[in-house]
Amino acid sequence: MKFSANLGFLWADLPLPDAVRAAAAAGFDAVELHWPYDTPAADLRAALDATGLPVLGLNTVRGDVAGGENGLSALTGREVEARAAIDQALGYGAEIGAANVHVMAGFAAGPDAQATFIANLRYACEQAEAQGMGILIEPLNRHDAPGYFLATTDQARAIIEQVGAPNLRLMFDCYHVGRTEGDLVTRLADLAPILGHIQIAAVPDRGAPDHGEIHYPTVFRAIAEMGWAAPLGAEYKPGGETGATLGWLADARA
């Protein structure tokens with residue numbers, strides 16, 4: 001298996017270029033980002049070039065974080081801001097060579113939100129295609145993000161079908177799916193045709209993937225049998241010094 005370090009959580013105490021170097025030294029095969037926009041793209045690109053690590057993706061901005069926002073693209077009446085966030089993510093992503101942008105939906109509900117999200121995703125896919133990039137959407141679990149527009153993999157699949165763009169795919173976070181839907185191996189196999197990225201963390205505490213309700217060796221074996229070759233995203237909260245939590249990485253490669 002190959003693994004990607006999510007630098008939104010891992011080595012979060014370091015400047016991003018240093019976090020990239022730490023991920024490379026720890027043996028990760030790629031990195032992924034949350035909101036890297038405070039770091040000059042040139043500085044991050046230099047660290048990526050020096051280590052040879054690819055960037056699997058980054059997120060669109062959340063909006064008014066102090067006001068509790070967590071994405072803009074399903075918010076009716078906020079289309080100008082949502083598309084500016086998409087443009088920002090694609091522009092920054094192009095500078096650092098990112099493969100994908102995760103378009104965050106935000107807190108919303110109802111048919112208007114659905115129509116707004118679909119329209120913004122079509123815009124995102126069109127803009128991303130011109131740059132050779134993909135667009136990802138990710139359901140968030142109802143415990144951590146109550147009221148988030150995109151809550152289940154079935155909902156995500158229906159939206160992907162409605163948008164109808166070949167570069168729109170599902171980001172399957174085993175933590176979020178594990179907390180709300182379960183049956184990960186079956187869900188992964190069922191959704192294989194639309195998967196764009198897979199992430200991992202323990203359930204229910206979102207710690208390192210070496211404890212909790214999910215037996216990750218079984219999940220890793222099933223993913224390998226699916227023929228999945230891309231790095232899996234380690235998006236977990238280390239709860240301390242990241243290096244001290246990486247025993248699972250060595251075990252997965254043993």
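The values are calculated or read from the model by the stated rules, or taken from the named source; none is laboratory data. The structure presented is a predicted model; accordingly, all values stated were derived computationally and were not measured. Virtual Cβ from ideal backbone geometry, glycine too; neighbours counted across all protein chains shown.
Based on this model, can you work out whether Gly212 counts as under 26 Å from Asn70 (Cβ atoms) and loosely packed, with under 14 Cβ neighbours inside 10 Å?
No; evaluated as a whole, the condition is false for this residue.
Scanning region 73-80 turns up one or more residues that are among the hydroxyl-bearing types (Ser, Thr, Tyr) and either assigned to a loop (DSSP other than H, G, I, E, B) or within 27 Å of Cys125 (Cβ to Cβ) (or both).
Quick one: would you say Ala224 is free of Cβ contacts under 8 Å to residues at least 40 places away in the same chain, assigned to a helix (DSSP H, G or I) and over 17 Å from the mean Cα position of the chain (by Cα)? No, not satisfied.
For (1) modelled with pLDDT under 95; (2) among the small types (Gly, Ala, Ser); (3) farther than 22 Å from Phe172 by Cβ; (4) in contact with a Phe, Trp or Tyr (Cβ under 9 Å, 6 or more places away or on another chain), each residue gets a yes or a no:
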{"residue": "Ala19", "(1), (2), (3), (4)": "no, yes, yes, yes"}
{"residue": "Asp49", "(1), (2), (3), (4)": "no, no, yes, no"}
{"residue": "Ala85", "(1), (2), (3), (4)": "no, yes, yes, no"}
{"residue": "Gly97", "(1), (2), (3), (4)": "no, yes, yes, no"}
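Selection of region 153-169 for residues being closer than 21 Å to Gly110 by Cα and touching a helix residue (DSSP H, G or I) at 6+ places or on another chain (Cβ under 7 Å) yields Thr153, Arg157, Ile159, Ile160, Gln162, Val163. In the set Val101, Val31, Val61, Val20, only one residue is among the aliphatic types (A, V, I, L, M) and in a loop (DSSP other than H, G, I, E, B); that residue is Val61. The residues in region 204-220 that are over 15 Å from Gly233 (Cα atoms) and of a type in the set (A, V, I, L, M) can be counted, and the count is 1. One residue is enough: does region 234-243 have a residue meeting the conditions part of a helix (DSSP H, G or I) and surrounded by fewer than 17 Cβ atoms within 10 Å (Cβ to Cβ)? Taking every residue of region 234-243 in turn, at least one turns out to be part of a helix (DSSP H, G or I) and surrounded by fewer than 17 Cβ atoms within 10 Å (Cβ to Cβ).
On the stretch given as region 101-129, residues that are in contact with a helix residue (DSSP H, G or I) (Cβ under 9 Å, 6 or more places away or on another chain) and of a type in the set (Gly, Ala, Ser) total 6. Condition check for Arg142 on (1) without any contact (Cβ under 8 Å) to a residue 60 or more places away in the chain; (2) assigned to a helix (DSSP H, G or I): one failure, at (2). Only a single item in (1) closer than 20 Å to Glu235 by Cβ; (2) assigned to a loop (DSSP other than H, G, I, E, B); (3) over 19 Å from the mean Cα position of the chain (by Cα) is not met by Ala66, and it is number (1).
Selection within region 172-188: residues that are over 16 Å from the mean Cα position of the chain (by Cα) and in a helix (DSSP H, G or I). The member of this set that is surrounded by the fewest Cβ atoms within 10 Å (Cβ to Cβ) is Thr186.
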